[in-house]
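Asks: Here you go, one structure.
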Amino acid sequence: MIPALLSPPMIGLFFAVAAPWFVWMQILYSGFWDYFFVYHHFQRFSQTGFSNAQPFWFYVPVLLLGALPWSPWIVRACSWKFLVDPERVEIRSLMLVWMLGILVFFSLPNSKLLGYVLPALPPLAFLIADALLGWLQQRKEAATDGAEGQEQQPSRAERSLYLGGSLLLAGSLCVSLIALVLVFDSTATRSLSKQVEPLYSPDEQIVMINEYEYDLPFYLRPVNDPWVVSGWQDVAAIAAHDNWRKELYDAGQFDPAKMRAVLLLPGEFVARLCAYTGASLWMWGKTAQAQDYSFLPAQAIVFADEKRTVWRLDAEQRRQLKDCQAAKPGG
């Protein structure tokens with residue numbers, strides 16, 4: 001079995017498909033292999049200090065929630081009698097090892113992302129479905145085999161518990177998901193982009209203040225990369241937090257020219273704003289960020305809520321800014 005799984009032609013095909021991309025990235029960006037394989041795999045697995053630190057048991061409730069509305073059937077699917085059934089023990093053992101292998105392996109590192117445990121859901125779904133089908137088969141046999149079958153038939157209370165609980169969870173889950181979509185969609189980047197899009201031209205500059213909306217360039221399709229304004233000089237603080245700032249800073253180490261062009265300090269941003277010759281400049285940031293830039297509260301606000309604000313500065317507004325007038329020769 002093992003030699004068949006480790007077929008040299010198949011291993012060669014795997015590397016022929018995957019290796020060129022990694023080789024080309026290393027050629028383009030020196031140090032990529034160390035950053036990708038060592039830092040983001042071995043060090044992330046074995047060390048602390050990365051984002052999403054969670055306890056060892058974190059993925060257990062994640063799997064229970066991910067299996068909704070069929071989670072109650074996990075009790076039956078994980079019972080010893082069910083797992084060691086001679087007719088199904090091999091396939092059920094395979095599914096159990098598959099699920100537990102992924103669950104335990106990804107529970108070991110301190111950093112845990114939800115996506116890590118997703119490969120454990122297919123074997124869990126198989127076990128749940130197998131348990132449900134087995135229960136239905138028992139019920140069918142009990143109905144046709146008379147008194148002998150009645151001994152195996154689940155009680156009415158058991159049927160009501162499993163089926164009623166599953167239906168209740170299914171209904172609650174659907175209603176909750178609809179409610180969550182309605183609540184969060186109004187403040188999602190996609191919804192904000194739709195409000196801005198009629199006024200926005202792709203050749204205008206986008207500026208993100210002390211935050212980075214990953215999907216904003218996807219929705220607005222800007223010609224130029226957004227400027228991201230933050231305290232990029234504080235390298236120690238950036239290294240201490242595994243977040244969007246560290247991701248952008250790390251990426252900048254592979255392309256210093258691009259880093260200087262798009263990752264701006266607050267003082268650099270004001271100078272760049274005054275020198276900008278395009279039509280409008282769009283600024284995205286938390287509403288509280290307005291107090292960090294004296295000229296922002298007086299400018300046209302395209303959108304604002306309790307969390308975020310979108311400002312639009314056209315050429316005339318920029319010319320009237322005191323900071324820009326002071327930067328002019330003789331200003």
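The values are calculated or read from the model by the stated rules, or taken from the named source; none is laboratory data. These numbers come from a predicted model, not from an experiment. Using ideal geometry, Cβ is built from the backbone for each residue, glycine included, and neighbour counts are taken over all protein chains shown.
Asks: On the given criteria, is A279 part of a loop (DSSP other than H, G, I, E, B), among the aliphatic types (A, V, I, L, M) and either out of contact with any His (no Cβ under 7 Å at 6 or more places or on another chain) or over 30 Å from S30 (Cα atoms) (or both)?
Replies: yes
Asks: Out of (1) assigned by TED's automatic domain parsing to the domain that holds D305; (2) surrounded by 14 or more Cβ atoms within 10 Å (Cβ to Cβ); (3) over 23 Å from Y39 (Cβ atoms), what's the single condition that is false for L169?
Replies: (1)
Asks: Among helices (runs of 4 or more DSSP H) lying entirely in segment 176-252, which contain 3 or more residues that are touching a residue at least 24 places away in the same chain (Cβ under 8 Å) and outside the structural domain of N110 (by TED's automatic domain parsing)?
Replies: The qualifying helices (runs of 4 or more DSSP H) are 189-196, 216-220.
Asks: Of all residues in segment 68-99, which are in a loop (DSSP other than H, G, I, E, B) and either among the aliphatic types (A, V, I, L, M) or touching a Cys at 6+ places or on another chain (Cβ under 6 Å) (or both)?
Replies: Scanning segment 68-99 gives L68, V84.
Asks: Scan segment 45-96 residue by residue and report those that are at pLDDT below 85 and of a type in the set (F, W, Y).
Replies: F45, F50, W70, W73
Asks: Still on this model: Which residues, counting only those in segment 253-265, are in a helix (DSSP H, G or I) and in contact with a strand residue (DSSP E or B) (Cβ under 6 Å, 6 or more places away or on another chain)?
Replies: V262
Asks: List every residue pair whose Cβ atoms sit under 6 Å apart, with the two residues 6 or more apart in sequence or on different chains, where the first one lies in segment 37-56 and is farther than 15 Å from D242 by Cβ and the second, anywhere, is in a helix (DSSP H, G or I) and at pLDDT 80 or above.
Replies: What qualifies is F56/S107.
Asks: Follow-up. Which of (1) surrounded by fewer than 14 Cβ atoms within 10 Å (Cβ to Cβ); (2) in a loop (DSSP other than H, G, I, E, B) is the odd one out, the single condition Q299 does not satisfy?
Replies: Against the list (1) surrounded by fewer than 14 Cβ atoms within 10 Å (Cβ to Cβ); (2) in a loop (DSSP other than H, G, I, E, B), Q299 comes up short only on (1).
Asks: Return the pairs, sorted by first residue and then second, in which the second residue is among the polar types (S, T, N, Q) and modelled with pLDDT of 85 or more, the first residue lies in segment 114-140 and is under 17 Å from D85 (Cα atoms), the beta carbons are less than 9 Å apart, and the residues are 6+ apart or on different chains.
Replies: These pairs meet every condition: A131/S79.
Each row is one residue, and each column tells you yes or no for (1) within 28 Å of S191 (Cα to Cα); (2) buried (at least 18 other Cβ atoms within 10 Å of the Cβ).
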position	(1), (2)
V229	yes, yes
Q233	no, no
T287	yes, no
R318	yes, yes
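Asks: Continuing with this model, one more query. For segment 73-112, which positions are touching a residue at least 60 places away in the same chain (Cβ under 8 Å), surrounded by 13 or more Cβ atoms within 10 Å (Cβ to Cβ) and hydrophobic (A, V, I, L, M, F, W, C)?
Replies: Answer for segment 73-112, where residues must be touching a residue at least 60 places away in the same chain (Cβ under 8 Å), surrounded by 13 or more Cβ atoms within 10 Å (Cβ to Cβ) and hydrophobic (A, V, I, L, M, F, W, C): just W73.
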